[in-house]
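Written below as structure tokens is the structure these notes are about.
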Amino acid sequence: MGPAGKGRDTRHWKTSPGPIHVAGRRLWRGLGLRPRLLMAFLLVALIPMGLLFMLQYHHTRSLTLSFAEVGLERVAQVQQRRLNVELGRMFDHMDLVASRTQMRLSLRAYTRTGEDAHRQLIERILQDAIDPIVMLDGAWIRDARGHLVTGVNHDGGLDEPDIQPPLHEGSQGRLDVYWPEGDTPMIWVSGPLELDGEEIGSVHLLMRLDDLKAVLEDFPYEELGGKTLLLLEEPGRKPALIGGGQQTDLFLCEQRRDFPLASGGGPIRVCDYLMVVLPLDHVPGEVLVYASLDALKAALREQTRFMLWSVLFMLMLGLLMAIAFTRMISRPVTMLTRATRALRKHRGDVLVREPFWGEFTELARSFNQAAGIITRRTHDLSRELEARRHAQHQLTELANTDALTGLVNRRRFMEILESRMEESREMGGSLTLLYLDLDGFKPVNDQLGHDAGDIVLQVVAERLRYLVRGEDIAARLGGDEFALLLADDNGDRHADPRRLARRAEEQLSLPIEVKGRLVKVGCSVGVATTRPEDKPQDVLNRADEAMYQVKRSRRERG
């Protein structure tokens, strides 16, 4: 009996909630939306963020060295490519100097005759070629037998006696290291000089290493105690170290000799440093890039502190966002109200871009669709109005412009001439009119076709545009007849219209390339000045008559 009763008490204890459980359920049921959202945000966002921080910390600590090795190797490859590009530019400078045809002609003439005038011409050509190249110290020329012909340095003087460029053999350019006494190494860039398929000599440029040093100094991992060093080797000499001189640099260069297989083989550890060595393409030497492991560890500690402060900041920010989240429930209604007010005021592109929830999503989508229809119709109307204005502008341009040349046509020119003559009479001044008629234009049309004639007229129009300035007007009157109306407020530029007429004749007489042929047309220019009693046609007729007088006088002289 006792045991049975004791069992019933146990079942009653398991099924009946205690007072703490009841109080908890009541508290949970009594929570409103705001505390529930706050708790959900803390569980969903803040706890995973703390776990992510721990995982990220251990992951970063384990992979920092690997990332540093990969990054250092990529930097080394970039520095290698940049140094190879700079060395390649030296060959480009050599090709640029060697491409001077007159220099090669003068070299062949000097080789055959020995006349000093040819040598002096070579010096001037060399000087003109090397002056724009700042990194170029000098240029020298040898003949086909290897004898030194001449040379100049960057300041224009002849080469010094103790500087002898290396002998060049073969048809390809090459680089040689030059070691001046007590100075930084320099580079000899040598290449053949050919003329009509015959090798007539060689050109030798002495280049400074300023650009190479700039590449070495441009190192992205300086905060990690890293550098880029350049080792230039020469048979029988100690390798030259460029880009450094500190004790660490010298130590790593010495250690480099103990790793003969390191060149191009990836990062290696030397004491407390990571080092990558890669070969160069154009010159015997290597590029050495290193970073300090102590600096990497210090950077990891700094990164860890930054991550910790970032997580703390995100925790505080998340807490503030959680508190403010419940206040954002009313935001959809506010945004829709503002958008409706903006649409009522005819503002364009009114859209509700905030992501909503529940029924507000469908409401926002319906509003955006309706607003889009209204906006599109408004834009269509605006485009139609703009198209009409553009068409009206095009019609005006077509009515006032010659379609072939783009110059003012005869009708518009006469209107401008009449208007400016009225202004000139009121001001007590005068205008100058130049009437131009092309000479030799008809044979171009007859022999090459009307499309060639159109090209000639377009080129003539472009040259006339170059001649006019300010408020001057250039016009095509028809056929091969043009006119220039000179404003009377251009200062001294058109003080002498005859001079402008001569310039027009000179410019229009220059050859014009048409269909692969050079054609030449001339022009006759007549000059007339307006009188107070003139009408537009009167001054145009006088300029036309003056132009024909020029034609008749040329025919009589011819």
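The values are calculated or read from the model by the stated rules, or taken from the named source; none is laboratory data. Every value quoted in this text rests on a predicted model; they were computed, and no experiment measured them. Glycine gets a Cβ as well: all are built from the backbone with ideal geometry, and neighbour counts include every protein chain shown. These area figures cover heavy atoms from the full protein model, side chains too; ligands, DNA and RNA do not enter into them. Shrake-Rupley method; radii C 1.70, N 1.55, O 1.52, S 1.80 Å.
A compact table of results
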| item | result |
| --- | --- |
| Residues of the range 401-422 classified as over 37 Å from the mean Cα position of the chain (by Cα), open to solvent by 50 Å² or more (accessible area, probe 1.4 Å) and more than 8 Å from A475 (Cβ to Cβ), total | 5 |
| Residue ID - modelled with the lowest pLDDT, chosen from residues in the range 355-366 that are under 12 Å from M335 (Cα atoms) and under 44 Å from the mean Cα position of the chain (by Cα) | P355 |
| Qualifying position, being farther than 23 Å from L209 by Cα and surrounded by 13 or more Cβ atoms within 10 Å (Cβ to Cβ), among R112, R142 | R142 |
| Selection count where residues are farther than 30 Å from S424 by Cα and not basic (K, R), scope the range 507-553 | 12 |
| Unique match (being on the phi < 0 side of the Ramachandran plot, touching a residue at least 60 places away in the same chain (Cβ under 8 Å), aliphatic (A, V, I, L, M) and surrounded by fewer than 17 Cβ atoms within 10 Å (Cβ to Cβ)) among L107, L42 | L42 |
| Candidate set from the range 172-220 (those that are among the small types (G, A, S) and modelled with pLDDT of 75 or more); member that is most open to solvent (accessible area, probe 1.4 Å) | G197 |
| Subset of the range 504-558 that is closer than 17 Å to M414 by Cα and hydroxyl-bearing (S, T, Y) - its residue that is least open to solvent (accessible area, probe 1.4 Å) | T530 |
| Matching option when the condition is over 30 Å from L278 (Cβ atoms) and aliphatic (A, V, I, L, M), among M90, M94, M103 | M103 |
| So T396, is it closer than 30 Å to T530 by Cα, β-branched (V, I, T) and in contact with a helix residue (DSSP H, G or I) (Cβ under 8 Å, 6 or more places away or on another chain) | no |
| Checking E397 against (1) out of contact with any Leu (no Cβ under 6 Å at 6 or more places or on another chain); (2) at pLDDT 80 or above, the condition it does not meet | (2) |
| Flag if L87 is modelled with pLDDT under 85, closer than 18 Å to W188 by Cβ, part of a helix (DSSP H, G or I) and of a type in the set (A, V, I, L, M, F, W, C) | yes |
| Filter result for Q507 (free of Cβ contacts under 8 Å to residues at least 60 places away in the same chain, in a helix (DSSP H, G or I) and touching a helix residue (DSSP H, G or I) at 6+ places or on another chain (Cβ under 7 Å)) | yes |
| Condition check for V97: hydrophobic (A, V, I, L, M, F, W, C), touching a Lys or Arg at 6+ places or on another chain (Cβ under 7 Å) and at pLDDT below 90 | no |
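Residue by residue, here is whether (1) open to solvent by less than 10 Å² (accessible area, probe 1.4 Å); (2) under 20 Å from V514 (Cβ atoms); (3) not in a strand (DSSP E or B) holds:
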residue: S430; (1), (2), (3): no, no, yes
residue: L434; (1), (2), (3): yes, no, no
residue: D437; (1), (2), (3): no, yes, no
residue: K442; (1), (2), (3): no, yes, yes
residue: A452; (1), (2), (3): yes, yes, yes
residue: L457; (1), (2), (3): yes, yes, yes
residue: R463; (1), (2), (3): no, yes, yes
residue: Y466; (1), (2), (3): no, yes, yes
residue: R469; (1), (2), (3): no, no, yes
